[in-house]
1. Can you pull out the residues in segment 115-124 that are crowded, with 21+ Cβ neighbours inside 10 Å and out of contact with any Pro (no Cβ under 9 Å at 6 or more places or on another chain)?
2. What is the one condition in (1) surrounded by fewer than 19 Cβ atoms within 10 Å (Cβ to Cβ); (2) touching a strand residue (DSSP E or B) at 6+ places or on another chain (Cβ under 8 Å) that residue 193 does not satisfy?
3. Within segment 131-233, considering only strands (runs of 3 or more DSSP E) that don't extend past its boundaries, which have at least 3 residues that are under 19 Å from the mean Cα position of the chain (by Cα), of a type in the set (Val, Ile, Thr) and modelled with pLDDT of 95 or more?
4. Just to check your reading of the model, which residue among 181, 175, 137 is in contact (Cβ under 8 Å) with a residue 12 or more places away in the chain, loosely packed, with under 13 Cβ neighbours inside 10 Å and within 30 Å of residue 75 (Cβ to Cβ)?
5. Could we say that residue 127 is out of contact with any His (no Cβ under 9 Å at 6 or more places or on another chain), without any contact (Cβ under 8 Å) to a residue 24 or more places away in the chain and either open to solvent by 10 Å² or more (accessible area, probe 1.4 Å) or farther than 25 Å from residue 247 by Cβ (or both) here?
6. Can you confirm whether residue 378 is in contact with a strand residue (DSSP E or B) (Cβ under 7 Å, 6 or more places away or on another chain) and either over 24 Å from residue 314 (Cβ atoms) or surrounded by fewer than 23 Cβ atoms within 10 Å (Cβ to Cβ) (or both)?
7. Tally up the residues in segment 253-306 that are in a loop (DSSP other than H, G, I, E, B), among the hydrophobic types (A, V, I, L, M, F, W, C) and open to solvent by 10 Å² or more (accessible area, probe 1.4 Å), please.
8. Being in contact with a helix residue (DSSP H, G or I) (Cβ under 7 Å, 6 or more places away or on another chain), open to solvent by 10 Å² or more (accessible area, probe 1.4 Å) and not acidic (Asp, Glu): is that true of residue 352 here?
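The values are calculated or read from the model by the stated rules, or taken from the named source; none is laboratory data. Here the structure is a predicted model, which is why all the values come from computation and not from measurement. Heads up, the Cβs are rebuilt from the backbone with ideal geometry, glycines too, and the neighbour counts pull from every protein chain shown. Side chains are part of the model used for accessible areas, which takes the heavy atoms of the whole protein and leaves out ligands, DNA and RNA. Shrake-Rupley method; radii C 1.70, N 1.55, O 1.52, S 1.80 Å.
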Amino acid sequence: MASRLIFNIRQLVNTRVESHPLRGEQLSVLPTIDSAWVHVEADRIAAVGPMRALPPDLALLTGAPDAIDASGCFVLPAWCDSHTHLVFAGSREAEFVDKIKGLSYAEINAKGGGILNSARRLADASEDQLFASAWQRLQELSRLGTGAIEIKSGYGLTVEGELKMLRVIKRLKERSPLAIRSTFLGAHTYPEAYRQNHPGYLDLIINDMLPVIAGEGLADYIDVFCEEGFFSPGETETIVRAGLAHGLLPKIHANQLHCSGGVETGVRLGALSVDHLESMDAPAIATLAASPTIGTLLPTAAFFLRMPFQPARALIDGGCTIALASDFNPGSSPSGNMNLVVAMACSGMRMLPEEAINAATLNGAYAMSLGDTLGSITVGKIANLIITRPMPSLAYLPYAFGSNLIGQVMIRGELV
């Protein structure tokens, strides 16, 4: 069994004996150990502690060839990115220019851009082409510190296209050491052929897509874009209940452009998370706070679309459980860099560094049903770790947002 010691750590971050999702003021509590060590055996965290209490048998490992002297460095759990659209067939920088010229997200979608643009590109790409490009993105994100990631379909919008995306995600799961969760998002928008026939597309999802997806084990979750101009709360509920009948837990795109009823619908249906939340009113916040559903905030999407940032302070102060994720996709958040997400959460949403790190690690893990094995420095959890470059303080990580402060990344006990 491989055994490795990381020692002389300036600060070991998010150390917990046991873990649970954090809500409200709990998010500001980030347990740490100064001048610390971590012992990794195989792919697990075997032990942690302060250098002054390093056991003699482990002290012998400091001279081993694979030991890591982390003097001046911080060690954190790897980022857990619980909302991405990593599999896509091409970039959409022309729409970026359209946005600069003043077109809105809804206007671009209405003229055949946005999701429909990605759907046309995906239809022309082979499964192997999609896998190759997604694999390259995944490798880049792992080097930036992401150790767990959720990936959605939703650019297929046909039986063939959605299955192609989900099979690519399944191949990524089989090859990558990262923890990957797969979400079926056939209800991302209405395809052009069904814009005037919503019942027909719901029938396609429920009777043609879902049985194959369930039969091949292609998804862990089901998602719906519950928004004005997309899927109504009633349509969302119909699709989610069909997914639940196939064992797929819901994760809902909610309240991005309007107070759409997506939060209330998601909570009522027992959604694991409701994601986006740029548009929140007091009743939606109270509904979320009174539930176990996690509110996943995507600040880089709000930034890229020049929308108001999600009201993180109101959500935290209201007692909600929130996570942070990148929403990596070609149209509204063409970056999966979770370090930028954490920095933007602090500068744009007034989250404390401790709150942002907890939301991007432990709560992100729970937003993928992975909190028992990832998201904190806890003995027995998988050794997915970030070793920073030397830094003056933990707050320097979001403060110096333009610098790459990731020194090394460990996934399942191995450096990437």
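1. 115, 122
2. It fails just one condition, (2).
3. Values: elements: 146-152, 179-187, 221-226.
Those strands (runs of 3 or more DSSP E) span 146-152.
4. 175
5. So residue 127 fails the test.
6. On the way: in contact with a strand residue (DSSP E or B) (Cβ under 7 Å, 6 or more places away or on another chain): yes; either over 24 Å from residue 314 (Cβ atoms) or surrounded by fewer than 23 Cβ atoms within 10 Å (Cβ to Cβ) (or both): yes.
Answer is yes for this residue.
7. The qualifying residues number 7.
8. Spelling it out, residue 352 is indeed in contact with a helix residue (DSSP H, G or I) (Cβ under 7 Å, 6 or more places away or on another chain), open to solvent by 10 Å² or more (accessible area, probe 1.4 Å) and not acidic (Asp, Glu).
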